[in-house]
Amino acid sequence: MRRYSAFAIAREAARYHQGWERAWASPEPKKSYDAIIVGAGGHGLATAFYLGKNFGITNVAVIEKGWLGGGNTGRNTTIIRSNYLQDASAAIYEKARGLYETMSQDLNYNVMFSPRGVIMLAQTHHEVRGYQRTAHANALQGVKTEFISPQRVKEIVPIINLDGPRYPVLGGLWQARGGTARHDAVAWGYARACSDMGMDIIQKTEVTGVRKENGAVVGVETSRGFIGTKKLGIVVAGHSGVLADMAGFRLPIESVALQALVSEPIKPCMDCVVMANTVHGYMSQSDKGEMVIGGGADGYNNYTQRGSFHHIEETVRALVETFPMISRLKQLRQWGGIVDMTGDRSPILSKTPVEGVFINCGWGTGGFKAIPGSGWGFAELMARGYSPLTAEFGLNRFKEGRFIDESVAAGVAH
Amino acid sequence: MLILECPCCGVMADETELAPGGEAHLKRYGPGSSDEDFEGYLFHRVNPKGVHFERWRHANGCGKWFLAARCTNTLEVFATYSAQTPEPPQHVIDAIRAKRPDWSIEA
Ligand SMILES: Cc1cc2nc3c(=O)[nH]c(=O)nc-3n(C[C@H](O)[C@H](O)[C@H](O)COP(=O)(O)OP(=O)(O)OC[C@H]3O[C@@H](n4cnc5c(N)ncnc54)[C@H](O)[C@@H]3O)c2cc1C
Ligand SMILES: [Zn+2]
């Protein structure tokens, strides 16, 4: 693999950019692999990357029914933060946030990580108490956050209206090293690194069945034939239930649509991420100048990647009170992704009832921020059978009643 | 926008008038059941890509609960029916089969 650098740009500029090589290969599938990952989203690719980097397992295929990064990884609003309440969550999200800090250097690919700071607004007294509690929990977990006053919020976000009649701003939970990154670049960067290690990224190939012998996996049926493996990682977000059905078990998951939108591009006006969980709205400004806005998930099962218009309307209506200036903005684009919601709104990184089959899912509305930490832990789980990062996120927690209850902590996750 | 006919009051209701209530026909397990059954009842969901049976409430209308058969892959509605039934009635199954000849109800 040719490294990207300022020198490479100069070299290519001098020869009409004829020398750039393909970032990743598009090989024919082999008959079998040491490990197969289903789903080339961020979590699947990061898992493959760390299987190779941390455990030297490189005879790996990542099988993707569409194009890599075309699922939720390419549809999210790219918020990165680690200010969760529960210790297990803080550990994996902070691991991920830390890895984002050096991801561009580690992958030799500019993922445009921008630690511009994230504020979660407290707009009810209940939220004030909740976020103060989270700030204390974060202090104990070693996650740097602080609870700030409305005046401080106004200094950081001059366009905010503090005293809206319905949702006044009473304070905020501030994580200065939270922020955003370029979502496609995260998928592309991992894909390039995996391909460089000799892994096969097989796009436009759908997994249609899981073949088992004596309760253990022996391979997958795909739209391009059977491919053998004794280690299968299912990392398909909204389609987790479909894959689990193929493998013969059930999940505590429902798939629903989550939408986002961007406005027309405007001059820079907000240089951090603001989340307003009471009204289910959050906003940041992209480098192109668009206001990137996301809201709450739809309420019913859906696989169409299209949500209901009234959810967009509700989100924008509520945000207009807090950001009056956006009332005159035009919407440029709107889209949806299918998110996998678990019973306790925390992810599942786990062995399954089928030997050799592992599952990484349930990231729901908030897994972009977790991609590197999830890949790190899930690769360890697949390679060694145990990872301290994923131990609390097993499927058995539902039977045992050990929930990781972040829905109460975050109100809405993203 | 999703539009369901409320079988209780006959209104064609927009989804803004309705509250979704999750999977229908769950078998309820309580005290004395096995851990597996109780876990399944509380958490496991079919979550199909295709034909699905759901509970809905006509929240901003007559207020009653009812059930719907819907396709989660196309958002097509096959039928709505009374909530006072432990399994989909024959006319609902027929309505689904008319459009999905290969479909069969899960055990
Ligand atoms: C609108 C929206 C906004 C969001 N905002 C944020 C945010 O601000 N911050 C944040 O942290 N998270 C956010 N999220 C959540 C985040 O996008 C997801 O949690 C994360 O991207 C999941 O990544 P993944 O790799 O697990 O899944 P995906 O990226 O969806 O990848 C799964 C892949 O599996 C493939 N697949 C499925 N079935 C098969 C099959 N049978 N065979 C082969 N391949 C298959 C799919 O094609 C897909 O490419 C948001 C999500 C949405 C939809
Ligand atoms: Zn009614």
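The values are calculated or read from the model by the stated rules, or taken from the named source; none is laboratory data. Only a predicted model underlies this, so the values are computations on that prediction, with no experimental measurement involved. Here the Cβ is made from the backbone with ideal geometry for all residues, glycine too, and neighbour counts use every protein chain on show. Each accessible area value is taken on the protein alone, full model and side chains, heavy atoms only, with ligands, DNA and RNA left out. Shrake-Rupley method; radii C 1.70, N 1.55, O 1.52, S 1.80 Å.
How are the C-alpha pair distances of region A:44-168 spread across 10 Å bins, as whole percents from the shortest bin up?
For region A:44-168, the binned pair fractions read 10, 29, 32, 18, 9, 1 percent.
Give the distance, in whole Å, between the Cα centre of region A:27-102 and the Cα centre of region A:244-300.
One Cα centre to the other: 20 Å.
Put A:Cys269, A:Cys361 in order of accessible area, largest first, 1.4 Å probe: what do you get?
Numbers: A:Cys269 35, A:Cys361 0 Å².
From most exposed to least exposed: A:Cys269, A:Cys361.
Quick one: Karplus J couplings for region A:243-258, per residue in order, coefficients 6.51, -1.76, 1.60, θ = phi - 60°, nearest Hz, x for Gly and Pro?
After applying 6.51 cos²θ - 1.76 cosθ + 1.60, I find 5, 4, 4, 4, 7, x, 9, 10, 10, x, 9, 10, 9, 9, 8, 10 Hz.
Tell me, what % of the accessible area of region A:74-216 is carbon and sulfur with a 1.4 angstrom probe?
For region A:74-216, the apolar C and S fraction of the accessible surface comes to 49 percent.
What is the helix-to-structure angle for A:125-141, meaning the angle in degrees between its Cα long axis and the longest Cα principal axis of chain A, kept from 0 to 90 and rounded to the nearest 10?
Helix A:125-141 sits at roughly 50 degrees to that axis.
Output ³J(HN,Hα) for region B:65-72: one whole-Hz value per residue in order, computed from phi by the Karplus curve 6.51 cos²θ - 1.76 cosθ + 1.60 with θ = phi - 60°, and x for Gly and Pro.
Each residue's phi maps through the Karplus curve to give 7, 8, 10, 9, 10, 9, 9, 6 Hz.
Take the alpha-carbon positions of region B:6-85, form their convex hull, and give its projected area averaged over all directions (one quarter of the hull surface) in nm².
6.0
Taking only the Cα atoms of region A:307-382, how large is their convex hull per residue, in Å³?
145
List the relative contact order of region A:173-242 as a percent without decimals, with contacts defined as Cα pairs under 8 Å and 6+ residues apart.
Relative contact order for region A:173-242 comes out at 16 percent.
Of all accessible surface on region B:1-71 at a 1.4 Å probe, what whole percent is carbon and sulfur?
49
Kindly flag which residue pairs out of A:Lys53/A:Lys95; A:Lys230/A:Lys369; A:Lys53/A:Lys351; A:Lys65/A:Lys95; B:Lys27/B:Lys49 have an alpha-carbon separation exceeding 19 Å in this structure.
Distance filter (> 19 Å) returns A:Lys230/A:Lys369; A:Lys53/A:Lys351; A:Lys65/A:Lys95; B:Lys27/B:Lys49.
Exactly which chymotrypsin sites (Phe, Trp or Tyr not before Pro) in region A:8-98 are in a DSSP loop and have at most 16 other Cβ atoms within 10 Å?
A:Tyr16, A:Trp20, A:Trp67
Could you give the Stokes-Einstein D for the protein assembly as shown in µm² per second, using the C-alpha Kirkwood radius, 25 °C, 0.890 mPa s? Show your work: numbers first, answer last.
Numbers: Rh = 24.2 Å.
Translational diffusion coefficient: 101 µm²/s.
When only alpha-carbon atoms are used, what values of Rg and Dmax, in angstrom, describe region A:268-414?
18.0, 56
Using only the alpha carbons, work out the radius of gyration and Dmax of region A:90-143 in angstrom.
14.7, 45
For chain A, what does the relative contact order come out to in percent, with C-alpha contacts under 8 Å and a separation of six or more?
Reported relative contact order: 22 percent.
Could you give log10 I(q)/I(0) at q = 0.11, 0.19, 0.24 Å⁻¹ for region A:1-108, computed by the Debye formula over C-alpha point scatterers of equal weight, without solvent?
Treating every Cα as an identical point scatterer, log10 I(q)/I(0) equals -0.52, -1.22, -1.34.
Output wanted: per-residue J couplings in Hz (rounded whole) for region A:228-239, from phi through Karplus 6.51 cos²θ - 1.76 cosθ + 1.60, θ = phi - 60°, x for Gly and Pro.
Result, ordered by residue: x, 6, 9, 9, 10, x, 9, 9, 10, 6, x, 9 Hz.
With everything on Cα atoms, drop me the angle between helix A:183-196 and the longest principal axis of chain A, reported from 0 to 90° to the nearest 10.
In chain A, helix A:183-196 runs at an angle near 20 degrees to the longest axis.
For every helix of n ≥ 4 consecutive DSSP H residues, a contribution of -39,500 (n - 2.57) applies; sum these over chain A, divide by its total residues, and give [θ] at 222 nm rounded to the nearest 500 deg cm²/dmol.
Counting only the DSSP helices, I get -9000 deg cm²/dmol.
For chain A, report the accessible area per residue in Å² (1.4 Å probe, heavy atoms, rounded to an integer). Working shown, then result.
Details: 16870 Å² over 414 residues.
Counting only protein heavy atoms, the per-residue value for chain A is 41 Å².
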